Amino acid sequence: MIHLSVSILDVLNVRHSTYDMFSDLFLYKFDVNEYQQLLEKIRTLEEKLGKYMEETGVEITEIRKVLEENKRSDYLIEYSSLFIAGVGVKPLIPVESKRLFSLMGERVATFKYSDVVRFYSSRGLVPKLGSQFSPEPDHISSLFAFMSLLVEEEFHNRSTGKDAFKVVQDQKNFATSHLFSWIPDWINDVVHDPRSRIYKVVCSQLGNWLKFEKDFLGER
């Protein structure tokens with residue numbers, strides 16, 4: 001947990017921003033303008049959240065550096081080879097149902113996918129397809145975006161004097177079922193893949209973030 005003398009609303013701002021950052025980092029930024037916007041977001045968050053890095057374990061500076069030290073073409077090649085092509089020793093496509101299908105079979109994968117859609121439906125969200133790079137409902141980027149939304153909902157409830165118990169429980173349940181259950185093992189696979197350079201750093205920091213979140217949610 002963040003031990004600085006900050007309010008729960010400050011902590012929620014940190015959590016919302018961090019989930020939003022990781023959601024963006026795992027979207028395929030094929031368009032040059034979108035890629036530049038990603039870099040600018042990370043630079044802004046580095047300034048905004050720098051004082052919390054030690055407490056959360058997330059070194060945003062390391063993420064910024066590895067992106068700036070590599071060419072955009074290197075990023076595009078690495079992302080597509082790791083997360084789109086579907087080749088390699090282990091499946092690294094960052095989609096929960098696809099990973100579970102390859103490891104545990106169709107029944108488990110279908111159950112997990114349906115549960116994600118159920119969570120989205122509870123907030124009036126309907127998954128839809130857009131461009132060819134639109135992430136699936138259970139793509140890691142979509143999962144982080146939904147967690148960011150839940151944290152934003154808690155922030156709204158607390159700042160307006162409403163009860164936040166249900167949304168906190170939803171955060172715990174969603175994170176336990178769809179983040180902590182498979183992403184740490186996936187992170188380990190990415191970090192140890194020889195093709196991974198940029199995402200070796202990103203995933204190492206993501207691993208630190210999930211450790212923080214698991215402890216934080218466990219204390220609530």
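The values are calculated or read from the model by the stated rules, or taken from the named source; none is laboratory data. Owing to the predicted nature of the structure, the values given are computational and were not obtained by experimental measurement. Don't worry about glycine lacking a Cβ; one is built from the backbone with ideal geometry, like all the others, and counts go over all protein chains shown. Surface accessibility is based on the protein's heavy atoms, side chains included, excluding ligands, DNA and RNA. Shrake-Rupley method; radii C 1.70, N 1.55, O 1.52, S 1.80 Å.
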**Request:** Specify the inter-centroid distance of the range 48-109 and the range 153-220, based on alpha-carbon positions, in whole Å.
**Result:** 14
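For the chain, which whole-number percentage of the solvent-accessible area (1.4 Å probe, protein heavy atoms only) is attributable to carbon and sulfur atoms? Let's see the in-between values first.
Numbers: 5930 of 11060 Å².
Carbon and sulfur together cover 54 percent of it.
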**Complete:** Listed residues Met147, Met21, Met53; largest mean-square fluctuation, Gaussian network over the chain with Cα springs below 10 Å, found at Met53
**Prompt:** Averaged per residue, what accessible surface does the chain expose to a 1.4 Å probe, in Å²?
**Reply:** 50
**Debye, to nearest 20: dipole size of the chain, +1 on Lys, Arg Cβ, -1 on Asp, Glu Cβ** = 360
**Asked** Can you tell which of Ser81, Ser121, Ser204 shows the greatest fluctuation in a Gaussian network model of the chain with Cα springs below 10 Å?
**Response** Ser121
**Request:** Let me know the longest stretch in the chain that avoids all GluC sites (Glu not before Pro) found in a DSSP loop with at most 14 other C-beta atoms within 10 Å.
**Result:** 70-218
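What fraction, in whole percent, of alpha-carbon pairs in the chain exceed 23 Å separation? All intermediate terms of the calculation are to be shown ahead of the outcome.
Numbers: 11293 of 24090 pairs.
When all Cα pairs of the chain are counted, 47 percent exceed 23 Å.
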**Asked** Say the dipole of the chain comes from +1 at the beta carbon of Lys and Arg and -1 at that of Asp and Glu; which of Pro94, Val66, Leu27 then lies farthest toward its positive end?
**Response** Pro94
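May I ask you to derive the FRET efficiency for Glu47 and Val117 from their Cβ-Cβ distance with R0 = 45 Å, giving the value to the nearest 0.05?
Details: r = 37 Å, r/R0 = 0.82.
Approximately 0.75, to the nearest 0.05.
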**Request:** For the range 6-214, build the charge dipole from Cβ charges (+1 Lys, Arg; -1 Asp, Glu) around the Cα centre, then report which of Phe180, Leu103, Ala145 sits farthest towards its positive end.
**Result:** Leu103
**Asked** Label points 7 Å out from Cα along the Cβ direction at Thr61 and Lys172: separation in nm?
**Response** 3.6
**Request:** Compute the distance in nm between two label points, each set 7 Å from the Cα along the Cα-to-Cβ direction, one at Ser81 and one at Asp215.
**Result:** 3.5
**Message:** If each residue of separation counts as 0.36 nm, what is the full-extension length gain between Glu69 and Asp163 once their alpha-carbon separation is subtracted?
**Reply:** 29.3 nm
**Message:** If the elastic network links every pair of Cα atoms under 10 Å, which of Phe22, Phe144, Phe83 fluctuates the most in the Gaussian network model of the chain?
**Reply:** Phe83
